Amino acid sequence: MHISVIGTGYVGLVTGACFAEFGVNVVCMDTDSRRIAKLEKGEVPFYEPGITELVAKGLRENRLAFTTDIAKAVDQALVLFIAVGTPSRADGSADLSYVEEVGRGIAKNMNGYKVIATKSTVPVGTGEKLREVIKANLSGPYRFDIVSNPEFLREGSAIEDFLRPNRVVIGADSDQAIAIMKDLYRPLYLIETPFVVTDIPTAEMIKYASNAFLATKISFINEIANLCERVGADVQVVAKGMGLDHRIGSKFLHAGPGFGGSCFPKDLAALVQTGERVGYQLEIASAAARVNTQQRQRMVEKIRGALGGVKGKTLGLLGLSFKPNTNDLREAPALAIAQQLMKEGAVIRAYDPAALDEGSKLLPGLVPCKDAYDTAEGSDALIIMTEWNQFRNLDFDRLKTALRRPLLIDLRNVYDPARIAGFGFHYVSVGRPDREPRLSS
Ligand code: NAD
């Protein structure tokens, strides 16, 4: 089968490379000619474990090709995936202009029956809108079907998530399109991946409801963490005690600086806006977004409190990306927090294994460092912003020598408080009592 993926970002490239791995012939198209030129040489424009190898394999075995030409992408493809961005507009609604532009491009180049499947996260009603856009621009009397096939991959484990998903959601109103989609995903059928086959609006809603629920779990545990701090409880143990209940589950119950990334904040906003559009106020999703914004501010207050003010202080930040194993800085809590600290007169030294170059561009004045120890050099505190594995086993004797004072602010609760206090550090974390240094005799 021949397919195309329009939009070759995180989702589009992973989708294309993974379908090529399934033995399908894939053309990935993007309007960004620099991105496509790099990809043609096997250079992946972002950090994601395993993707470079998969792209190289697809190119080598001639199952993966790249183009900037929409006509080439439409030509032989039976299924056209749309994986362009759907960023937030000022009112929180999803900007569908890229999706619609792709719809027009596909329509003008149609040469036979096609399945047009949205992988982009799009609000309920977009499938119908897309159908109208394509109908209005069709190059001839060609039949086509619209499918909603939302993507649930997580950056940092995108390939594993694509190749072994918890479920595949297919929203369609045509048996032919459903049969084609099932055929395409047959390798996942063979490993008994559950398929949810439904109508288009329901499939579109599944994606938003899932993301809003996960975001709510994070905001919920962050509120509990803030309460724990005030009553002397330990949120880490509270979350463990909650998570062992199978009805709750342990995932997404980690207290910290709040969620970021390209999806949760924008998808929550779009869901709330969908509610407003139809006259229904989504109280829980709105509160989850509000708590998340406040949490960043709380982290600034925590840092300020631990240092007795940040003006004139030097702060060493470990991690900038919104989570480990990605260089994605979109809506990263570390950026917002660092920006505020700089505004208050702090000097920021920082290290991130993958996002340092981009982070330095976004935060002019930031001092880029070569590792955790360089970051600690002359800093008044070391702050863990993102829980990259390499920050999980630091040499505290070395850090203590490098730091101006032994203060670790662990915004991801990576470490055991008693252990760090034992190294002679003042230890501050989220939702757990602060620890004074405890020097062993
Ligand atoms: P991205 O910004 O990494 O990639 C989007 C790509 O689309 C860019 O390369 C851009 O140049 C290209 N593009 C824009 N207009 C185009 C056009 N008219 N024709 C061809 N290409 C065009 O975005 P992403 O993170 O891959 O997200 C894409 C969609 O998938 C969004 O709706 C997002 O919400 C959703 N999603 C993202 C993730 C994730 O973890 N990133 C997970 C699930 C779903």
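The values are calculated or read from the model by the stated rules, or taken from the named source; none is laboratory data. Since this is a predicted model, take the numbers as computed values, not measurements. Note: ideal-geometry Cβ built from the backbone for every residue, glycine included; neighbour counts use all protein chains shown. Note: accessible area is taken over every heavy atom of the protein model, side chains too, but ligands, DNA and RNA are not part of it. Shrake-Rupley method; radii C 1.70, N 1.55, O 1.52, S 1.80 Å.
Values as computed for the structure displayed
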read-out: Qualifying residue in region 92-113 (condition: under 26 Å from Ile191 (Cα atoms), more than 27 Å from the chain's Cα centre (by Cα) and open to solvent by 10 Å² or more (accessible area, probe 1.4 Å)); value: no
read-out: In region 66-90, the residues that are part of a helix (DSSP H, G or I) and either more than 9 Å from the ligand (Cβ to nearest atom) or charged (D, E, K, R) (or both); value: Ala71, Lys72, Val74, Asp75
read-out: Yes/no for Tyr427 being assigned by TED's automatic domain parsing to the domain that holds Glu331, free of Cβ contacts under 8 Å to residues at least 40 places away in the same chain, buried (at least 21 other Cβ atoms within 10 Å of the Cβ) and not small (Gly, Ala, Ser); value: yes
read-out: Residues located in region 1-23, provided they are within 15 Å of the ligand (Cβ to nearest atom) and in a loop (DSSP other than H, G, I, E, B); value: Gly7, Thr8, Gly9
read-out: Checklist (1) touching a Lys or Arg at 6+ places or on another chain (Cβ under 6 Å); (2) under 21 Å from Tyr185 (Cβ atoms) applied to Ala77, failing item; value: (1)
read-out: Which listed residue is among the small types (Gly, Ala, Ser) and crowded, with 24+ Cβ neighbours inside 10 Å, from Ala83, Ala71; value: Ala83
read-out: Selected residue (criterion: most open to solvent (accessible area, probe 1.4 Å)) from residues of region 125-146 that are touching a residue at least 60 places away in the same chain (Cβ under 8 Å) and touching a strand residue (DSSP E or B) at 6+ places or on another chain (Cβ under 9 Å); value: Glu128
read-out: Evaluation of Ala287 against (1) in contact with a Gly (Cβ under 9 Å, 6 or more places away or on another chain); (2) more than 16 Å from the ligand (Cβ to nearest atom); (3) in a helix (DSSP H, G or I) (one fails), failing number; value: (1)
read-out: Qualifying positions in region 48-59 - in contact with a Gly (Cβ under 9 Å, 6 or more places away or on another chain) and more than 12 Å from the ligand (Cβ to nearest atom); value: Pro49, Thr52, Val55, Ala56, Gly58, Leu59
read-out: Some residue of region 173-191 being under 25 Å from Met29 (Cα atoms) and touching a helix residue (DSSP H, G or I) at 6+ places or on another chain (Cβ under 6 Å); value: no
read-out: Count - residues of region 31-46 that are within 12 Å of the ligand (Cβ to nearest atom) and either assigned to a loop (DSSP other than H, G, I, E, B) or under 11 Å from Ala17 (Cβ atoms) (or both); value: 6
read-out: Residue in region 378-394 that is open to solvent by 20 Å² or more (accessible area, probe 1.4 Å), over 25 Å from Ser157 (Cα atoms) and among the charged types (D, E, K, R) present; value: no
read-out: Residues of region 247-263 classified as within 16 Å of the ligand (Cβ to nearest atom), open to solvent by 30 Å² or more (accessible area, probe 1.4 Å) and either small (Gly, Ala, Ser) or touching a residue at least 60 places away in the same chain (Cβ under 8 Å) (or both), total; value: 1
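Every residue, every condition in (1) assigned to a strand (DSSP E or B); (2) within 13 Å of the ligand (Cβ to nearest atom); (3) touching a Phe, Trp or Tyr at 6+ places or on another chain (Cβ under 7 Å); (4) small (Gly, Ala, Ser), yes or no:
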{"site": "Gly92", "(1), (2), (3), (4)": "no, no, no, yes"}
{"site": "Glu101", "(1), (2), (3), (4)": "no, yes, no, no"}
{"site": "Glu128", "(1), (2), (3), (4)": "no, no, no, no"}
{"site": "Val133", "(1), (2), (3), (4)": "no, yes, no, no"}
{"site": "Ser139", "(1), (2), (3), (4)": "no, no, no, yes"}
{"site": "Ile146", "(1), (2), (3), (4)": "yes, no, no, no"}
{"site": "Phe152", "(1), (2), (3), (4)": "no, yes, no, no"}
